[in-house]
1. Can you run phi through the Karplus equation (6.51, -1.76, 1.60; θ = phi - 60°) for the range B:53-65 and list ³J(HN,Hα) in whole Hz, with x for Gly and Pro?
2. At a Förster distance of 25 Å, what's the computed FRET efficiency of residue B:285 paired with residue B:392, Cβ-Cβ distance as r, to 0.05?
3. In whole Hz and in residue order, list the ³J(HN,Hα) couplings for the range B:87-100 that follow from phi through the Karplus curve 6.51 cos²θ - 1.76 cosθ + 1.60, θ = phi - 60°; x for Gly and Pro.
4. Which lysines does residue A:164 reach when only Cα atoms under 22 Å apart count, and residues fewer than 8 places away in its own chain are ignored?
5. Identify the residues of the range A:14-45 with backbone N under 16 Å of a label point that sits 7 angstrom from the Cα of residue B:175 along the Cα-to-Cβ direction, or state none.
6. Just list whichever of B:24/B:215; B:24/B:132; B:132/B:215 have alpha carbons separated by over 19 Å in the model shown.
7. Taking R0 as 56 Å, what's the FRET efficiency between residue B:136 and residue A:164 from their Cβ-Cβ distance, rounded to 0.05?
8. Using the alpha-carbon atoms, what tilt in degrees (0 to 90, nearest 10) does helix A:147-165 show relative to the longest principal axis of chain A?
Amino acid sequence: MATTMTNDELRADIEALVERLGPGRASLIPILADVKRRFHEIDSETMQTIADVLDIHPVEVHSVASFYAFLHSAPEGQFVIRLCGTLPCDFAGKQAVADALRTELGIGFDETTEDGLFTLEWTSCMGMCDQGPALLVNDEVHTRVTPEKAKAVVAACRAAAVAKEA
Amino acid sequence: MPVIIETQGNALTYETIEPEAGLKAALATSRADLVDTIRDSGLMGRGGAGFPTGMKWGFCAAEKADQKYVICNADEGEPGTFKDRVILTRFADLVLEGMTIGGYAVGASLGIIYLRAEYTYLRPHLNDVIQKRRAAGLLGHDVCGVEGFDFDVIVAMGAGAYVCGEETALIESLEGFRGEPRNRPPFPVVAGLLNNPTVVNNVETLASVAAIMAKGTEWFKSFGTDKSSGYKLFSVSGDCDKPGVYEFPWGITVAELLKEVGGEGAKAVQIGGASGVCVPARDFERRLAFEDIPTGGSVMVIGPDRDILDVAENFLEFFVEESCGQCTPCRLGNPQMLEAVKLLKAGACPPEFLKNVKELAGTMQVASKCGLGQTSPSAFLSILEGFGDEIHNRAAGA
């Protein structure tokens with residue numbers, strides 16, 4: 001988590017990112033995406049630091065982060081599971097998959113499990129309409145998802161988390 | 001190992017295009033003639049809006065600037081559309097060839113592929129193709145040995161916003177801002193990315209450019225209709241036996257398409273995605289073409305047992321979520337249409353309320369700032385018109 005870093009460490013981290021991506025405003029979204037991927041949240045201190053390094057107002061950083069579905073700042077799990085909610089996936093049986101995910105994870109949509117492993121969200125059309133229901137686990141695409149397959153995906157994430165801890 | 005997501009369909013013309021033939025032909029042509037060739041081909045934007053590509057390039061080429069850009073719009077977010085995913089997976093070289101031809105035509109030195117966040121898994125593949133092209137001298141300094149023609153391409157990522165498929169919102173996003181559409185004019189061809197002249201073309205448009213330059217305008221015009229030249233890729237999903245990506249010449253009827261994909265017996269087909277129109281079975285002889293039903297290629301087949309109001313509700317939930325909120329008609333209009341559909345589903349929509357919401361939908365079409373709010377009422381209105389009896393009978397409790 002970003003919050004476990006000292007201010008200096010955080011600043012050095014953001015400066016390294018800006019060094020790599022360039023000093024311009026155009027680096028803001030790649031920076032936010034990188035922070036989100038590594039820390040699973042974009043806290044206010046991080047936004048302030050990004051603003052300082054890019055020399056823009058912190059409100060600008062917040063305004064951009066809150067606009068994009070994949071960047072919103074609230075803490076998320078290590079695995080963000082996004083189920084496609086759009087029509088072809090609806091026709092293909094998204095509701096049964098949604099129910100299976102809710103049961104398996106013990107949370108509703110837009111919620112995060114207490115252990116910080118999973119966040120469950122709906123997402124708009126993912127472009128997998130010929131093979132729905134589709135879901136994204138972080139960047140990974142899963143198609144033709146059945147309730148059983150959804151449970152297996154969750155189990156695989158749990159196993160990966162355990163392996164990472166070990 | 002690159003991630004491959006297989007999609008079925010029919011044979012695609014892109015399989016038959018000789019690699020780099022289009023680029024070589026383009027570089028052997030003067031810039032003015034190249035723009036004229038694309039204009040003559042009649043190619044119109046494949047993302048959905050259908051703006052003539054040659055005209056767009058001509059405007060950008062005429063601008064004087066130190067820096068110009070070619071942007072490949074790979075923010076394929078229109079519900080039911082996935083043909084760009086297939087093109088980027090199978091024919092990324094053709095797309096890059098098209099971008100390079102565009103760079104040469106308009107005098108740009110940098111191309112940017114704006115890839116939607118949901119397709120992050122394709123990014124390593126695209127970077128790999130770009131790297132190979134640099135190594136082969138097809139990108140970089142003096143492309144293909146043409147002195148003074150420098151052109152490189154980078155991939156930039158979207159972050160989950162449908163509206164960024166709109167070209168000015170896309171540019172805002174690339175600049176590091178909220179993806180809120182700009183007022184036009186000025187158009188991007190005059191003042192786009194960082195205020196420089198910028199061409200924004202859809203993935204399929206760019207691949208088609210490479211094919212046209214390889215095989216000629218007469219060949220391209222031998223497909224399609226007088227007003228809609230060429231072939232088109234259709235993303236077919238929903239209630240049919242063989243969903244997938246299909247190539248057809250412009251002018252195919254809805255009925256003919258349904259036969260190919262095993263979707264006969266459908267009660268309706270939603271064409272053009274959530275922002276498109278819902279075509280009832282009695283109109284299946286209509287044609288997919290710019291002069292009849294224009295489309296970016298999304299075809300969602302709606303089977304006989306589906307509730308048409310569920311369809312409308314799904315689309316409107318999508319638009320309520322995806323409206324950027326910047327302009328009032330779109331921000332407030334979409335929730336009103338959704339409310340009307342929910343009331344209709346419950347058989348409790350007062351006629352006066354429905355009448356007002358229909359008027360509001362008409363206002364949205366003319367007063368919204370960008371294509372999102374201008375087109376989000378299309379499905380709602382076409383469903384009310386095409387399925388009035390079904391909706392009326394339900395309201396009456398039948």
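Read the figures in this text as sums done on the coordinates, not as results from a lab. Being a predicted model, the structure only gives us computed values, none of them experimental. Quick reminder, even Gly has a Cβ in these numbers, built from the backbone with ideal geometry, and neighbours come from all protein chains shown.
1. 5, x, 5, 4, 5, x, 4, 5, 4, 6, 6, 9, 7
2. It comes out at approximately 0.50.
3. Coupling constants for the range B:87-100: 5, 5, 6, 9, 10, 4, 4, 5, 5, 5, 4, x, 5, 5 Hz.
4. List returned: A:36, A:151.
5. Only A:24-29 pass the distance filter.
6. Pairs exceeding the cut-off: B:132/B:215.
7. 0.90
8. Compared with the principal axis, the helix lies near 40 degrees.
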